[in-house]
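Reading through the structure tokens given below for one structure.
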Amino acid sequence: MRTKVTLVLLFLNVALFYYIFQFLDPFRPPQPHSRKVLPPEVAAIERLEVRRTDTAPLVFEKRGDTWYLGAPYDWPADRNAIERLLNELRLLEHETSFEVSKLPDTGQKLADYGLAPAGIVLVLGSGEKRLELPIGAATQVRNRLYVLSPDGTRIHVVGRSLVEALQLTPDQLRDTSLIDIPVFEARTLAVQVSAPGNLRVRLARPVGGQRWMFESPIQTRADKNAVELALNRLRELRVASFLDAPDARATGLENPALRLTVEGTRRRSILLLGAPVSSEPKIGAHFAETELFAKLEDRAAVFTVKVEDALLDSLHNAQSALRDRHLLDFEPARLTAISLRSPGQPEVSLQRLETGAWQVLDRQTAETPLPQAADAAIVARLMTQLGQLSADAFHSDAPLPAELEQWGFNRPEREVTLTLSPENGATTPSATAPALTLQIGVTGNEAGKPFAYARVAGAQFVYRVRADILAELPVVARQYRERTLRALPPGARITGLKLTRLADASEVFARDLPAGQTWETALAAEKTETQAAVLKLLEELRTLRARDFVRDSFAQQPEIDGQPRPWVYQLDLSIALSGAGEENQAIHSTLFLGERQGGTTQLVGSAEFNTLFHASQTFLDATFALTFGPRDPGPPPPSPPATNGDQPAPAPAPAAASEPTPVATPPAPAAATP
């Protein structure tokens, strides 16, 4: 029973729709009391023809959601122009109207109103239905027009805005945009360059992905920013002028210089760029642009377009201009280990712990290497340098084995292996964890600019990179060590400080901190310069940091400038460590200092930490103020005023009678320099 009811209802629906579409007029005349000239169904028109007595007709056709100017040229219509015209038709209202049948009573006829024949006739269509709207002459007052109703029974007086919307030329009615596929929709970009190169470059982006890749002539990563910038610039291109029957040989479009294809989700645009319109640069051209003959492959109209020279250069050299110049493509968060190797040097390994901290291992012997904490800032800088390493030039995309050997890849100067964690939580055995290996070969020089050859192991491409990258990838474990040697806990106090000159065992500075006092009160009697230097030094000693490490073991006579030199100063400090419920535990620490070298270098040795390192600048300045301050002669005395050679210098004024003239005394000799 239900099936029969359903079938009956379905049949009635089909019959109703058939009656509506076959027997009801889509262009029913407006109601008599309405001021509307056209019926409401005009909003659904699919064709609009503008016929004039003096020019060829203009035909607009709606295909899908887009209006096209079908005649005299098949071209998309300007969206703003066609919407303005359609709105004028939808909203067209009369100021007044009168019946055509009453014209004989007044001795007038349609010709008197410019309606027989009409200067302009609008033909509106929807499917097979048509209606015409003749537009006649202007009224004598109030700047109005006469139009004849589609059924020919009434003359309406309307405003001129409708005719003003029809005054645009065919060039103004065309859409000047060429490629309307937005960047987020674009899926492929193809660039074909004509002879002599005849190069075809194709780039693609997977659906839902963000990365652009070269598909031909090579398969590699593309520069996302460069590709999207090129797509944006192509989308900004506009028709400069349309041409009527140009010479095909002059336009260069029979064999276009560039063939550009942009594919979106369900559409495609192909732009052909031919010869330049003129070989002479145009005065006033902006951004170094060139005007070219052009056409869209699926349309016959030929036009000119102005293209920036930078975009043209990028398209002609798309294989390199749109290519990603970064050698290594990795996510720092997935990095679990970094290994550095160099010929004749032990391998250095950096490993990320589960806590996120890094440790460094020096594989100098066959024994298990002892890990040391790595400096987080230095490891972060290393990752940044590797991630930002870019090619200055793409040297070769298909090198021969002999060329690889010539460029030093049989025994690279550096090999840096990055071990990555599995992507998206995939379980991968550690032995097969994904890894990238950067190889840097020999260096060269071109036009006074040094470079190095580089490649990624397993890939065929060879690049040129800056030569100083070798210095930024040292294969020395101590270069990656944690720079902080000591960080005292908040409750610890430095209770004694002594700086001794070793040559004569003389004390440069010595002070013990009495119980209950602070260093500020203990140093109150010292000079301001000494107070500042000691307080700064105490702050540095609480958190002792090395600028860089020189040696992984302590030496009684370190080498300075290639010669063994004795230590110059000894710095002793006493530290009281306080614990909960316990008495203060006193410890002693000793540092040996070398002579200051220049303004930024001072060697420091520590048997406690078994290392030699360079002091930080703040540490260096503080110790220098204590060791050299007493011997500083101060600024030089001011020079005497210049005197005239022809006249003797004026005699000094006599001293006051009440004050005897002081006797000059020679300055005390300076302290001996050790």
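Side notes on the structure shown:
- Residue in the stretch 223-233 that is in a strand (DSSP E or B), within 23 Å of Phe394 (Cα to Cα) and either at pLDDT 95 or above or not assigned by TED's automatic domain parsing to the domain that holds Ile270 (or both) present: no
- Residue among Ala275, Ala337 that is modelled with pLDDT under 95, over 27 Å from the mean Cα position of the chain (by Cα) and assigned to a strand (DSSP E or B): Ala275
- Counted residues, the stretch 78-104 - those being touching a helix residue (DSSP H, G or I) at 6+ places or on another chain (Cβ under 9 Å), in a helix (DSSP H, G or I) and over 14 Å from Arg154 (Cα atoms): 9
- Sole residue being over 30 Å from Ser320 (Cβ atoms), surrounded by 14 or more Cβ atoms within 10 Å (Cβ to Cβ) and in contact with a strand residue (DSSP E or B) (Cβ under 6 Å, 6 or more places away or on another chain), chosen from Pro134, Pro170: Pro134
- Restricted to strands (runs of 3 or more DSSP E) entirely inside the stretch 35-77, those with at least 1 residues that are under 46 Å from the mean Cα position of the chain (by Cα) and crowded, with 16+ Cβ neighbours inside 10 Å are 58-63, 66-71.
- Enumeration of residues in the stretch 431-459 that are more than 27 Å from the chain's Cα centre (by Cα) and part of a loop (DSSP other than H, G, I, E, B): Ala433, Pro434, Ala447, Gly448, Ala457, Gly458
- Filtered residue count, the stretch 12-32, keeping only those that are at pLDDT below 60 and either of a type outside the set (Val, Ile, Thr) or outside any helix (DSSP H, G or I) (or both): 13
- The stretch 239-270, residues that are modelled with pLDDT of 95 or more and either outside the structural domain of Gly197 (by TED's automatic domain parsing) or in contact with a Lys or Arg (Cβ under 8 Å, 6 or more places away or on another chain) (or both): Thr261, Val262, Glu263, Ile270
- Checking each residue of the stretch 257-265 against the condition of being exposed (fewer than 12 other Cβ atoms within 10 Å of the Cβ) and under 29 Å from the mean Cα position of the chain (by Cα) gives at least one match.
- Scanning the stretch 254-272 for residues that are assigned to a loop (DSSP other than H, G, I, E, B) and touching a residue at least 60 places away in the same chain (Cβ under 8 Å) gives Asn255, Pro256, Ala257, Gly264, Thr265, Arg267.
- Single unsatisfied condition, Arg381 versus (1) crowded, with 16+ Cβ neighbours inside 10 Å; (2) in contact with an Asp or Glu (Cβ under 9 Å, 6 or more places away or on another chain); (3) modelled with pLDDT of 95 or more: (1)
- For the stretch 491-566, the strands (runs of 3 or more DSSP E) that sit wholly inside it and include 1 or more residues that are within 45 Å of the chain's Cα centre (by Cα) and free of Cβ contacts under 8 Å to residues at least 60 places away in the same chain are 543-551.
Per-residue answers, yes or no, for (1) closer than 30 Å to Ala300 by Cβ; (2) surrounded by fewer than 19 Cβ atoms within 10 Å (Cβ to Cβ):
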| site | (1), (2) |
| --- | --- |
| Ile82 | yes, no |
| Gly107 | no, yes |
| Ala116 | no, yes |
| Gly127 | yes, yes |
| Thr139 | no, yes |
| Ser149 | no, no |
| Gly152 | no, yes |
| Ile155 | no, no |
| Val163 | no, yes |
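- When Gln570 is tested against (1) outside any strand (DSSP E or B); (2) under 18 Å from Ser616 (Cα atoms), exactly one condition is not met: (1).
- Exclusive hit being free of Cβ contacts under 8 Å to residues at least 12 places away in the same chain, polar (S, T, N, Q) and assigned by TED's automatic domain parsing to the domain that holds Leu58, set Gln167, Gln219: Gln167
- A single member of Ser342, Ser320 is of a type in the set (Gly, Ala, Ser) and crowded, with 18+ Cβ neighbours inside 10 Å, and it is Ser342.
- Test: Ala398 is more than 21 Å from Leu335 (Cβ to Cβ) and either touching a Phe, Trp or Tyr at 6+ places or on another chain (Cβ under 6 Å) or not assigned by TED's automatic domain parsing to the domain that holds Trp358 (or both): no
- Scanning the stretch 108-156 for residues that are farther than 21 Å from Val59 by Cα, assigned to a strand (DSSP E or B) and of a type in the set (Gly, Ala, Ser) yields a count of 2.
- From Phe592, Phe554, residue being in contact with a Gly (Cβ under 8 Å, 6 or more places away or on another chain), modelled with pLDDT of 90 or more and over 20 Å from Val508 (Cα atoms): Phe554
- Count of the stretch 200-222 residues, restricted to those that are under 16 Å from Ile181 (Cα atoms), of a type in the set (A, V, I, L, M, F, W, C) and at pLDDT below 95, is 1.
- Any hit, the stretch 495-504, residues being loosely packed, with under 14 Cβ neighbours inside 10 Å, over 18 Å from Glu539 (Cα atoms) and outside the structural domain of Asp375 (by TED's automatic domain parsing): yes
- Residue within the stretch 515-528 that is within 19 Å of Arg486 (Cβ to Cβ) and in contact with a Gly (Cβ under 9 Å, 6 or more places away or on another chain) present: no
The values are calculated or read from the model by the stated rules, or taken from the named source; none is laboratory data. Predicted model only: the values in this text are computed from it and were never measured. When we count neighbours, we look across all protein chains shown, and the Cβ atoms used for this are built from the backbone with ideal geometry, even at glycine.
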